[in-house]
Structures are given as C-alpha cells and as structure tokens.
Amino acid sequence: MTENEVPSVDLDRLERLVERFERAGASLADSEDRLARAVQVMKERDRAQAFDAWRRGQ
C-alpha cells in the first residue's frame, strides 16, 4: 500500500464492532445507575442508624 492509499475496511465487521461497543456502553451505564442507587440506599441506611443511635443516647 502506498502512502496515499486508504486501507480497506470490512464494513460488516466494523458495524458489528460498533454495535458491541454500544451494547457494552449501555450495560456499563446501567451498572453505574444500579451502583449509584445502592450507594444512596447505604447512605440513607447509615444516616437512619446514626439517628437511631443518637436517639437512644438521649
């Protein structure tokens, strides 16, 4: 291949690769959302436990 030639690309393979990356991105976003919700639930639980412990100490 010379300096001015463009390499050939298997478009079907490239499209499949793009689809895989899109699915992986969607899956990652879903996992991130679930993790964020789990962290929020843990924070709320810890806050409630701290409040209960404070109330018991009163």
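A few remarks follow.
- Selection count where residues are polar (S, T, N, Q) and more than 16 Å from the chain's Cα centre (by Cα), scope segment 30-45: 0
- Any hit, segment 4-12, residues being out of contact with any Pro (no Cβ under 6 Å at 6 or more places or on another chain) and part of a helix (DSSP H, G or I): yes
- Residue 27, sole failed condition from (1) open to solvent by 100 Å² or more (accessible area, probe 1.4 Å); (2) within 14 Å of the chain's Cα centre (by Cα): (1)
- Looking across segment 30-58, the residues that are surrounded by 10 or more Cβ atoms within 10 Å (Cβ to Cβ) and among the polar types (S, T, N, Q) come down to 31, 40, 49.
- The C-beta contact set for segment 1-15 (first residue of a type outside the set (Lys, Arg), second residue open to solvent by less than 100 Å² (accessible area, probe 1.4 Å), distance under 9 angstrom, 6+ apart or interchain) comprises 1/7.
- Test for residue 22: is it surrounded by 10 or more Cβ atoms within 10 Å (Cβ to Cβ), assigned to a helix (DSSP H, G or I) and either more than 16 Å from the chain's Cα centre (by Cα) or polar (S, T, N, Q) (or both): no
The values are calculated or read from the model by the stated rules, or taken from the named source; none is laboratory data. These numbers come from a predicted model, not from an experiment. Because the Cβ atoms are built from the backbone with ideal geometry, glycine has one as well, and the counts that use them run over all protein chains shown. Each accessible area value is taken on the protein alone, full model and side chains, heavy atoms only, with ligands, DNA and RNA left out. Shrake-Rupley method; radii C 1.70, N 1.55, O 1.52, S 1.80 Å.
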